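Enquirer: Got a structure here, written out as structure tokens. Questions coming.
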Amino acid sequence: MKWTWLLPLLLVALAASQDESVEEELSLAENCDQEACQLPNCRCSSTDIPGNLQARDTPQFVLFTFDDAINVLNIETYRSLLDNRRNINQCPVGTTYYVSHEYTNYQLVNELYNKGQEIALHSISHRTPQTYWQEADVEVMRREFGDQRQQIAHFANIPTDAVKGVRMPFLQMTGNATFQMMTEFGLEYDCSWPTVTYIDPGLWPYTLDYASIQDCVVPPCPSASIPGKWVLPMVTWRDLNGSPCAMVDGCFAVPPLNDEDAWFQFIVSNFERHYLGNRAPFGFFIHEWYLATNQAVLRATVRFMDMLNNLHDVFMVNSADVIDWVKNPIPVDEYVKQPCKTIQSSQCSATSCGPLHSVHNSMDYWMQICTSCPQSYPWIDNPLGQN
Ligand SMILES: *[C@@H]1O[C@H](CO)[C@@H](O)[C@H](O)[C@H]1NC(C)=O
Ligand SMILES: [Zn+2]
């Protein structure tokens, strides 16, 4: 009998310890509460146009993004696409670079930044196999992305807080881990998550405060509530057979690679689904090598850009600019009256370093950077090459 008083005590103690562990864990996201979830910092996942604007009053944003290392070869394509190119409001166009570290020339990262382009993260190692990313926990994400933000800011001499976005290698989602890491490091958005379901009308960017309606194409996708972190959905294209593709160079049934006209039509038909629909941001997600090896596709792309730059309600902008607009949506006639962004230019004291030994694969590398040389080739767990 004397134990009967102990049992309630034990239960209370047990409940308290469980409460603590629950607090450390993430909580499962609930269905979105439209009343509680309001801009600028919360948005339910939906195909509704932000600010309840009519499609005809909504700026059509077009996002050109390029993945992987920036080097002396692909910079030529980037320069040729960007030089003297302006939107209809006379502001310079924006493009976004999801940069992986290996073989990246940081002097060229500095150049793109100074041209007003967006520099974003695509991991330090970009390693295979893909299961490394699929199984990655938040600690792996810290070392691959949190550290990469510091690395890129250091070697390219650009402000850390200019780096806001993330794209996973192989578009392999990591469940909650990417977004937990983004919270810890103050990153703003992820652009790795394709949607096949919500393309017509297209899914607009949204936050992870509440459960997402988005289809999970490359699981695991996040299911926890991660307040204030933005998903910039990769609204897929349709190839000529109607199959979806997240990256343009991942489309399967495409026009002949030497047929500029057919490619131009192919691009425009995908664009029109957005422009004549709910004006969800139109992604032109590609690797530069595809344009360099297929000159007709490059010419079709240039023709498409020329067309965009002559439309009164279409804007080629950086990915982070789209998130900014969604947070504070304004109609296109107001948008065009805004002054162009100004960038504070960032110096580069060009330095060439090497040979730099790399512990992870015993290779020697050369690095082109804007600061003084590291001791060794930077890698995960040694992002600045200090040891
Ligand atoms: C994400 O967090 C939720 C809530 O804690 C959990 O139920 C889910 O299993 C997590 N997802 C992954 C892939 O870890
Ligand atoms: Zn990549």
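All of the numbers you see were taken from the coordinates with simple rules; none came from a lab. All of these numbers come straight from a predicted model, not from anything done at the bench. Reconstructed Cβ throughout: ideal geometry from the backbone, glycine too, with neighbour counts over all protein chains shown.
Enquirer: Under a cut-off of 18 Å between alpha-carbon atoms, report the lysines in cross-link reach of Lys115, not counting same-chain residues fewer than 8 places apart.
Expert: Candidates past the 8-residue exclusion: Lys164, Lys341.
Enquirer: Let me ask another. Provide Cys221, Cys245, Cys191 in ascending order of the number of other Cβ atoms located within 10 Å of each residue's Cβ, fewest first.
Expert: So the ranking, lowest neighbour count to highest, is Cys221, Cys245, Cys191.
Enquirer: Cα centroids of the range 218-254 and the range 68-116: how far apart, whole angstrom?
Expert: 23 Å
Enquirer: So, one more: Calculate, in nm to one decimal, what Leu26 and Gln295 gain on full extension: separation in residues at 0.36 nm each, minus their alpha carbon distance.
Expert: So the extension gain works out to 92.0 nm.
Enquirer: Would you mind telling me which residue in Val138, Val99, Val166 has the biggest mean-square fluctuation in a Gaussian network model of the chain, where springs connect alpha carbons within a distance under 10 angstrom?
Expert: Val138
Enquirer: Just report the Cα centroid separation between the range 305-326 and the range 144-195, whole Å.
Expert: Using only Cα atoms, the two centres lie 22 Å from each other.
Enquirer: I've got another one for you. Using amide H atoms built in the peptide plane, which far-off residues or other-chain residues are under 5 Å from Thr371 H to H?
Expert: Placed amide hydrogens put Thr351 under 5 Å from Thr371.
Enquirer: So for the chain, averaging the separation of alpha carbon pairs under 8 Å that are six or more residues apart and normalising by length, what relative contact order in percent results?
Expert: Reported as a whole number, the value is 24 percent.
Enquirer: Return the calculated 222 nm mean residue ellipticity for the chain, to the nearest 500 deg cm²/dmol, obtained by summing -39500 (n - 2.57) across DSSP H runs with n ≥ 4 and dividing by the residue count.
Expert: The helix contribution divided over the chain gives -8500 deg cm²/dmol.
Enquirer: What ranking, highest mean first, results for peptides 354-361, 205-212 when packing means the other Cβ atoms within 10 Å averaged over each residue? Numbers along the way, then the final one.
Expert: On the way: 354-361: 12.9, 205-212: 22.1.
Going from most to least packed, we get 205-212, 354-361.
Enquirer: Another question, if that's okay. Using a 10 Å cut-off on Cβ atoms, rank the peptides 368-376, 101-109, 230-238 from the highest mean neighbour count down.
Expert: For the peptides 368-376, 101-109, 230-238, the packing ranking is 230-238, 101-109, 368-376.
Enquirer: Sort Arg299, Arg149 so that the residue with the fewest other Cβ atoms within 10 Å of its own Cβ comes first and the one with the most comes last.
Expert: Arg299, Arg149
Enquirer: Can you figure out the FRET efficiency of Leu276 with Asn84, using R₀ = 25 Å and their beta-carbon distance, to the nearest 0.05?
Expert: Calculated value: 0.30.
Enquirer: Quick one: if you stick a label point 7 Å off each Cα along the C-beta vector at Gln338 and Leu384, how many nm between them?
Expert: Calculated label separation equals 3.4 nm.
Enquirer: Follow-up. Subtracting the Cα-Cα distance from 0.36 nm times the residue separation, let me have the gained length for Cys221 to Asn41 in nm, one decimal.
Expert: Extra length from Cys221 to Asn41 when fully extended: 62.7 nm.
Enquirer: Taking R0 as 22 Å, what's the FRET efficiency between Asn328 and Thr183 from their Cβ-Cβ distance, rounded to 0.05?
Expert: Computed FRET efficiency for Asn328 and Thr183: 0.50.
Enquirer: Hey, rough spin-label estimate for Gln54 and Asp364, points 7 angstrom out along Cα→Cβ, what's it come to in nanometres?
Expert: 6.8 nm
Enquirer: Among Asn157, Asn241, Asn114, determine the one that fluctuates most according to a GNM of the chain built with springs between C-alpha atoms less than 10 Å apart.
Expert: Of Asn157, Asn241, Asn114, the Gaussian network model singles out Asn241 as fluctuating most.
Enquirer: Still on this structure, please answer the following. How much length is gained on full extension from Ser243 to Ile213, taking 0.36 nm per residue of separation minus their Cα-Cα distance?
Expert: In short, 8.7 nm is gained.
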